[in-house]
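Below: one structure, written as structure tokens.
All of the numbers you see were taken from the coordinates with simple rules; none came from a lab. Just so we're clear, the structure is a prediction, and the values are computed from it rather than from any experiment. Here the Cβ positions follow ideal geometry from the backbone for every residue, glycine too, while neighbour counts run over all protein chains shown.
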């Protein structure tokens, strides 16, 4: 359904869901009416498109790709102690594909589609639809193509529909990342017949049409979308991608004010509040169900830019690392949510990432290191943070600023608005001292290092370059994790990273979700709300 | 051509340079915004090539004068461009959101007038009295409160503590379905459809934000009413009317008030423009889907088309409003009334 | 107030000048007197600032975060353990600075433009008037937002933005006042006695615009503070950790629902009192400079 759903249509559509008899009741008791079949979730973010592949689609919109479309494969589910359910990176499960085989050399992946998979319009999901959708993902450019590339998927020639139910991917290089990359939100399968009918010469991939009108086979259809206000999901009863969702209807409301969101969930007016502030997570924990899942392969860190002269001095970098008041930051900025990343052992003993750095708060040691450096008399440097992320960046920066002053480094905090932040921090990489929070979708250390430690790569906001890291990342990126060379190489990478310190780890952030009347929330690496497993209580 | 029509046409002609000025300024302003929208919208992990591709598709690779020319050409054809942050054509966004802002602002103004004008008249009748002082303190306190603070405080008290206000979630609780769009004003649309439950629900959502905004606009209206009533009451024709033995209420409401209304209406125009701006903050607090909150979001992400469209529509609104005020002038000013034509 | 009072006022004024008139009006108007007292208080805290504050407004204290108001911390502490009272008091200087400099700037620019447009008129007048119309066609707050977003959020830019959006008000006021006087008898007299245009404008015409301007200034000061606070609320304010009322309210607002009301309430109260003071002052000044309005 589209934006312009009229009242009458909407009533008709909702007839089966709410039941004609429950409607008058609903009007009298608007809030309590949200029964088990209907789940209302609030979020502070705006969904700006229903098509992830389209240019300008923001992160919040990825949830539509997750909930309304299917991929060939998905990840399994596991239980995280104390944090509810989470996706399981180690387990790949079928979604649209019934089964798959990988050739001996790892270069050819053959997928068999579920024969009963149907799009919402009742037509069969075929390998040709998969081919068209994959072609689209690698051709539209921008983020989708970049993400496809991470799995070695770069051009349409790699994809082939053998018959209606057989789909083949050919790779140039075998990689452990290919199969997981098929389970991220990007390679979703679109109803190509519908899309092609709306494609134009200027818009061969029908981005304008799919932007407002999804055409998929996923667990939920979009019943209504009012940008900036709400998105209403309605269950697709014919879904074959997984167990049928319990909720018939899920309403995602956009509420910009965090205080309002807190009041709503606390009072039970809504069943789920997605991505709540750390402070609320801590304080609401004994009133409602709060899930705080440490985000895999993600850390909040201080970036020291190698182009800034004082930070070229290793003693200065280490002095900064010893000056940071980690525990205070973790308590005041993160309210103890997430996992500490300081005070770890000197010796690297595993390939776990993110991991504790060997640094801890020791101002005397920091002063000593400053005295040994070429900048014993101190220096001043701007400390940049993003306006959009100021909820954690500001208290963190303030506390670091205070301690840096004690070792002779004076800083001035500079808040950069969202549009400029990415340009300044990641593209131009011109911020001498800043905070950074990259998290990798694919959960391997080499993937994190690929983005954040390799020269010129986007999230290497410190302009860091170390020839040994370059080779180590290239070697390990596609290497299977059980290769005997893998673990030693990764541990060597960690060693260099902690010695060179272009990024000083602070803590591993948590994604906090509060539920009051809903259960079985599941954490996903893409950090968007997957409404499929939710159940009303 | 009647002199009145000519006067209206003159006003319209005068508005043209203003509109041109607004187009130029809004274009320059957006281009001066920091950051590169192409980078921002290319997404989290985009590379150089895809950024360049997006820049090209947005027309941002061309020199500024050409960008401006393209913008004007599109404008003339009624194309406001596409907002990148909301993903919709700007014109759609504005037509969806403008009624929300207008409904809020107008309700607040009506509320404000209903309180402020009687207050002002009362104060003017006994200047210096206790009630005058009280009224002054009251309205001044109202205008001294930051709207976002008032809004949050009201939500906290009436929704969170007392639980008598509905959840501050936009224009309508999610259990209701918005009325068929005729004017875009939920109150009017619901009334037209005869759906009084929805009307009441929309009304309930409107109370707190409208009160927040009204508090802020009390002062200018009350002050202007007081001042103009004072000068009207002290003018010669009132003295004459009194001397002629007309009764006090007739003097106050029939003569003085009618004359005092003129500057009040002018002030209303100013206040309206002012509160549309103040709306930005109120809308943010109450999750009100108006154009104010839209503009803030667009500004922060350097969404050129959206900011330009917003500013332009505001300016047009302002120009129209001034025209309406000028016409209202002639309606209530006895000297240029219709019958004296 | 009656006509006889009015007469005695002018008689007094002739004798002992403006001061006694002012005192007289103040006596009859306790609210204005109160406003003057509060102004004194704010000026004092702006000047003394850190000497009045019991704690360092920037020093964090991890052991005392989010403490409710107590004898130690009158206004409580914030999430970083900083003393809210000290921050509120030291913020006075910055907030008054923003307001005063922005208003002073728009006063000067507005006066110049208004004089030129009002005195010489003609094409210059038309161009200036249309330019001002254009600025006024923007919703004022949104224009300020745009300017700060474009120039970057520093104190100076907040001052410039606030000044720019206020210029049209002053310019129009001065233009109108100058315009109605440029052909007045006293102006002709001054010209005939050999004064240059500039001299006549500066010494004979312009001073007449000052009384209404003072009223505008006072009202605008309060307004400028609100404007800066609003900018802070949407994230375009001064840089942390500098204390500023608007930012404190904006940040504190998120804590109200979780029960830490003091973070927003006290700075909000201070902000309100400051704006309140300037607004009352504006009203009071109007009474002093324009007795007719009081009947």
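What is the distance, in nm, between label points placed 7 Å from the Cα along the Cα-to-Cβ direction at residue C:191 and at residue C:20?
According to this spin-label approximation, the distance is 3.9 nm.
Summing -39500 (n - 2.57) over the DSSP H runs of n ≥ 4 in the protein assembly as shown and dividing by its residue number, what mean residue ellipticity at 222 nm do you reach, to the nearest 500 deg cm²/dmol?
-17000 deg cm²/dmol
Residue by residue through C:230-241, how many Cβ atoms from other chains fall within 10 Å of the Cβ on average?
Counting Cβ atoms of other protein chains within 10 Å of each residue's Cβ and averaging gives 6.
Using only Cα atoms, find the angle between the long axis of helix B:257-286 and the longest principal axis of chain B, and express it within 0 to 90 degrees, rounded to the nearest 10.
30 degrees
Averaged over its residues, how many other protein chain Cβ atoms are within 10 Å of peptide C:247-255's Cβ atoms?
Mean partner shielding for this stretch: 4.
Please give the peptides A:405-418, A:63-76, A:129-142 ranked by average Cβ packing (other Cβ atoms within 10 Å per residue), highest first, as a rough proxy for protection.
The most tightly packed comes first, giving A:63-76, A:129-142, A:405-418.
Calculate the radius of gyration of the Cα atoms of the protein assembly as shown to one decimal place, then report Dmax, the largest Cα-Cα distance, as a whole number, both in Å.
Here Rg and the maximum Cα pair distance are 32.5, 111 Å.
Specify the angular offset, from 0 to 90 degrees and rounded to the nearest 10, of the alpha carbon long axis of helix B:304-332 from the longest principal axis of the alpha carbons in chain B.
20 degrees
Give the percent of DSSP beta bridges with both residues in chain A that are antiparallel, rounded to the nearest 5.
Antiparallel bridges: around 75 percent, rounded to the nearest 5.
Can you give the angle from 0 to 90° between the axis of helix A:363-372 and the longest principal axis of chain A, with both taken from C-alpha atoms, to the nearest 10?
It is inclined by approximately 60 degrees.
If packing is taken as the mean number of other Cβ atoms within 10 Å per residue, what is the order of A:225-235, B:89-99, highest first?
A:225-235, B:89-99
If I model a spin label at residue B:56 and residue A:163 as a point 7 Å from the Cα along the Cα→Cβ vector, what separation in nanometres do I get?
Taking the two extended label points, one gets 4.2 nm.
How many angstrom lie between the C-alpha centres of the range A:148-163 and the range B:149-183?
First find each Cα centre; the distance between them is then 49 Å.
Set the Förster distance to 56 Å, then compute FRET efficiency between residue C:27 and residue C:62 from the Cβ-Cβ distance, nearest 0.05.
So the FRET efficiency works out to roughly 0.60.
Separation of the range B:231-271 and the range A:220-243 by C-alpha centroid, Å?
61 Å
Using only the Cα atoms of the range A:433-489, build the gyration tensor, take square roots of its eigenvalues as a ≥ b ≥ c, and label the shape rounded, prolate or oblate: rounded if a/c is under 1.5, else prolate if a/b is larger than b/c, else oblate.
Cα axes put the range A:433-489 in the oblate bin.
Can you compute the FRET efficiency between residue A:350 and residue A:468 using 1/(1 + (r/R0)^6), with r the Cβ-Cβ distance and R0 = 22 Å? Round to the nearest 0.05.
0.65
Determine the gain in length on full extension of the stretch residue B:28-residue B:249; use 0.36 nm per residue of separation and subtract their C-alpha separation, reporting nm with one decimal.
Full extension of this stretch gives 74.1 nm more.
Averaged across B:295-304, how many Cβ atoms of other chains sit within 10 Å of each residue's Cβ atom?
Across B:295-304, the average partner-chain Cβ count within 10 Å equals 6.
Arrange the peptides B:299-311, C:112-124, A:452-464 so that the one whose residues have, on average, the most other Cβ atoms within 10 Å appears first.
B:299-311, A:452-464, C:112-124
How far, in nm, would the chain grow between residue A:108 and residue A:483 when pulled straight, counting 0.36 nm per residue and subtracting the alpha carbon separation?
Contour length minus the Cα-Cα distance gives 133.0 nm.
Of all the C-alpha pairs in chain B, what % are more than 39 Å from each other?
28 percent
Which value in nm describes the separation of the simple spin-label points at residue A:371 and residue A:90, placed 7 Å from the Cα toward the beta carbon?
About 4.9 nm, to one decimal.
Distance from the Cα centre of the range A:361-423 to that of the range A:31-96, in angstrom?
36 Å
Please report the Cα spread of chain C along all three principal axes, rounded to whole Å, starting with the longest.
76, 48, 30
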